[in-house]
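The values are calculated or read from the model by the stated rules, or taken from the named source; none is laboratory data. On a predicted model such as this, the values are computed, not experimentally measured, just so you know. All Cβ positions, even for glycine, are placed from backbone atoms using ideal geometry, and neighbour counts span all protein chains on display. In case anyone asks, the SASA skips ligands and DNA or RNA and just uses the protein heavy atoms, side chains included. Shrake-Rupley method; radii C 1.70, N 1.55, O 1.52, S 1.80 Å.
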Amino acid sequence: MSVGIRYDWQKAEIQAIYNTPFLELIYQAASVHRQYHDSKKIQVCKLISIKTGACPEDCGYCAQSSRYQTEVKPQALLEKETVIKIAQKAKATGVSRVCMGAAWREVRDNSQFDTVLEMVKDVTDMGLEVCCTLGMLTTNQAKRLEAAGLYAYNHNLDTSEEHYSTIITTRTYSDRLNTIDNVRQTNVTVCSGGILGLGESVEDRVGMLETLANLHPHPESVPINILSQVPGTPLENQPDVPIWDVVRMIATARMIMPNSDVRLSAGRARLSQVEQALCFMAGANSIFSSDDNQMLTVTTPCPDYDADREMLNLLGLEMRPPHQRPEKLTTPAVIS
Ligand code: SAM
Ligand code: SF4
């Protein structure tokens, strides 16, 4: 089967894909995957929490919110040299994308942002794709990140518009879409996806996918997170998401956003190698790996480089090198 890229997806169509008999769904998604991607290649990413905890937002899943009693110890912005050392080590193991996360509600135009811009520049100069996830962003801040060489900006929708306010009350869905739009005013690519296991219905999953797949262009990167239940957060007692749902979500994202990278992100640590193989078959083509077994610091565990290399070897998969950012349309010299 051959599919094109569309931006007019209807909920009912997406729901029909999601509910396709399981093996048929994987077969179809695997076919689409091969039409757009080299199925032997997986991108391995490293997440660095450059500023941890004490976040004023109330995201019900997050260990870093200051509203919940969790094990996270707040940490000031890391030194640039520390970030560069972590990135160098990651690069040496085959990582091609580094994602810098900060537990901020939004970016402020201050010296901390200046330091982040330097981090972006230096890690980009190492030949790595750099992604930042720093909260809400204005167009001018997006342009400053672009000028520093940023490859991608992550801003997840997390769930459907309808379910959003039961998970987060300190910002709205349109705040989220607005930041994505601000990033789209630049040549920085967009990374946006969601989390499974927030007590959402299948309709909510489909609704989130509908919003993502009708963005024009599609986010170049779509992380599918599995809730890592963090003690102390409102969602600590949520049941585990069945692997069947994870695979369905990945396959559906692959079918409706065929050219995007679909990332098997948070929550991967609890999947077996066989379960992860099903996710790759369904179209996931990226993972997060770490040397300290932590993804979002102590919030969500992450498999280590050695275990991942062994799994990729076992499955005959290779790590893919970094992309180059599309040529800038205009190259702003200095933006302040
Ligand atoms: N503060 C920024 C923001 O919210 O955009 C960036 C950091 S935030 C930690 C990045 C993403 O991690 C969230 O959007 C969410 O999808 C994911 N995440 C955080 N905690 C998680 C958890 N316990 N389980 C699964 N995913 C989680
Ligand atoms: Fe803050 Fe981001 Fe965690 Fe929400 S997900 S509490 S914004 S760090």
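The stretch between residue 237 and residue 111 holds 41.4 nm of extra length on full extension. This uses 0.36 nm per residue minus the Cα-Cα distance. Annotation note: trypsin sites (Lys or Arg not before Pro) in region 89-176 located in DSSP loop regions with a Cβ neighbour count of at most 10 within 10 Å are absent.
The distance separating the Cα centre of region 96-173 from that of region 1-52 comes to 24 Å. The fraction of accessible area contributed by carbon and sulfur in region 21-322 is 51 percent, rounded to a whole number (1.4 Å probe; ligands and nucleic acids excluded).
Only lysines eight or more places from residue 40 in sequence, or on another chain, were considered; those with a Cα closer than 25 Å are 89, 91. Among 166, 124, 179, the sequence by solvent-accessible area, most first, with a 1.4 Å probe is 166, 124, 179. Provide, for q = 0.07, 0.09, 0.11, 0.13 Å⁻¹, the log10 of I(q)/I(0) from a solvent-free Debye sum over equal Cα point scatterers in the chain. Normalising to I(0) and taking log10 leaves -0.25, -0.43, -0.66, -0.96. The residues of region 21-322 expose on average 38 square angstrom of accessible surface per residue, using a 1.4 Å probe on protein heavy atoms. Taking 23 Å as the straight-line reach from the Cα of residue 143, the lysines in range (excluding those fewer than 8 positions away in the same chain) are 51, 80, 121, 328.
Its Cα centre serving as origin, the chain has a Cβ charge dipole (Lys and Arg +1, Asp and Glu -1) of approximately 620 debye. Dividing the summed -39500 (n - 2.57) terms of all DSSP H runs of n ≥ 4 by the residue count of the chain sets its mean residue ellipticity at 222 nm at -11500 deg cm²/dmol. Our estimate of slack between residue 304 and residue 71, defined as 0.36 nm per intervening residue step minus the Cα-Cα distance, is 81.8 nm. Summing charges over all other residues whose Cβ lies under 11 Å from the Cβ of residue 198, with Lys and Arg as +1 and Asp and Glu as -1, gives -2.
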